[in-house]
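Okay, so here's the structure we're looking at.
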Amino acid sequence: MINRLNDLIDIQKKRLPDINARREKPGAVVGWQVLVCTGTGCTSSASHQVREELAKQVQSKKARARVIKTGCFGFCKMGPLVVIYPRQTLYCLVKKEDISEIVEKHLLEGQVVERLLYMEPVSGERKKRLSDIQFFRAQHRVALRNCGLINPEDITEYIACDGYFALADVLLNWKPAQVVEAIKQSGLRGRSGAGFPTGRKWELAAAAEGPVKYVVCNADEGDPGAFMDRSILEGDPQSVLEAMAIAGYAIGAREGYIYVRAEYPIAVDRLERAIAQAREYGLLGRHILNTNFKL
Ligand code: FES
């Protein structure tokens, strides 16, 4: 249960070594971490079989490795994807039949399985590291920063990545009007057709008359072929809940709703788990961080 800022800091300290190893911070080595993408794209190519087989063989062959679920990396056409840290080795189009080679060669002998590396289409070069791949090299991720990095079903990994520290800061140090002003100043806009300024929307909602207000997250994304909402919900659902809590505080809402497509079963499942975990940790509900704010 998180009652104080220090509780958040304690969790972050405990989980940071794993995340730092994935971010390749100097000195952060915690053994093999095998990340398996379990977003919708890779799941449709049977990544769950890959993950189950990996977990089984890691155990039976006594490899010193942990198998961890992630959300989408954004490289679905090459899925199922497996990324192994340290060294950030990306294996593409992995099948259940490839697992014994990955476990024996990579996890037990420390060697790379060359045939599963990504091949750049123009140069024909095999790339050993995810960040060396042209597709990833030019990317600077903001909203998707945690997708493919953290286990979306583990709130402590989100906290390790500074999750809920913005909410704590807002609840402990800011007045609602200051939050609205900061969002206005930031220039943040909606990412659908209208590009409506978020700060202005929050300002109007805060000023609206009426005894009860709601914060509503539209995660329906009806546009054909658009999967940006799904990627966040599957890969980093706690970030949506934290943002909703901040919005709720800013506009005076104490209840929130998320409208999500039934056609997104993984997103719905991850959201439900995320809500349950946030409640369990006291980050949704009454007296969040020992304040009078509830959501
Ligand atoms: S779902 Fe695995 S990379 Fe997109």
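The values are calculated or read from the model by the stated rules, or taken from the named source; none is laboratory data. Remember, predicted model here, so these are calculated numbers, not experimental data. In this analysis, Cβ positions are derived from the backbone assuming ideal geometry, glycine residues included, and neighbour counts consider all displayed protein chains. With ligands, DNA and RNA removed, areas are computed over all heavy atoms of the protein, side chains included. Shrake-Rupley method; radii C 1.70, N 1.55, O 1.52, S 1.80 Å.
Values computed for the structure shown
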item: Rounded Å value of the spacing that divides the Cα centres of the stretch 128-158 and the stretch 26-68; result: 16
item: Antiparallel content of DSSP bridges confined to the chain, in %, to 5; result: 50
item: Span-rule helices in the chain, defined as complete DSSP H runs reaching 20 Å or more along the axis (Cα) with Kyte mean at least -1.0; result: 5-22, 237-251, 265-280
item: Under 22 Å from the Cα of Lys128 - lysines, other chains or at least 8 residues apart; result: Lys25, Lys69, Lys77, Lys95, Lys96, Lys105
item: The stretch 162-290 shape via C-alpha gyration tensor axes, a/c threshold 1.5; result: oblate
item: Listed residues Thr291, Thr89 arranged by accessible area, highest first, probe 1.4 Å; result: Thr291, Thr89
item: Cβ-Cβ FRET estimate between Ser44 and Glu209, R0 fixed at 51 Å, reported to 0.05; result: 0.60
item: Distance in nm between pseudo-label sites at Val29 and Ala243 (7 Å out along the Cβ direction from Cα); result: 3.8
item: Check: the stretch 24-148 dipole with +1 on Lys, Arg Cβ and -1 on Asp, Glu Cβ, in debye; result: 360
item: R0 of 45 Å, Cβ-Cβ distance Glu280-Lys77: FRET efficiency to nearest 0.05; result: 0.75
item: Extension gain from Thr291 to Leu5, taking 0.36 nm per residue of separation minus the Cα-Cα distance; result: 101.8 nm
item: Residue among Gln49, Leu81, Leu149 farthest towards the positive dipole end of the stretch 1-149, charges placed on Cβ; result: Leu149
item: Cysteines not pairable in the chain (beta carbon separation under 4.7 Å absent); result: Cys72, Cys76, Cys92, Cys147, Cys161, Cys217
item: Cα centre as origin, Lys/Arg/Asp/Glu Cβ charges: the chain dipole, Debye; result: 540
item: Approximate spin-label separation Glu255-Lys95, in nm, with each point projected 7 Å along Cα-to-Cβ; result: 5.2
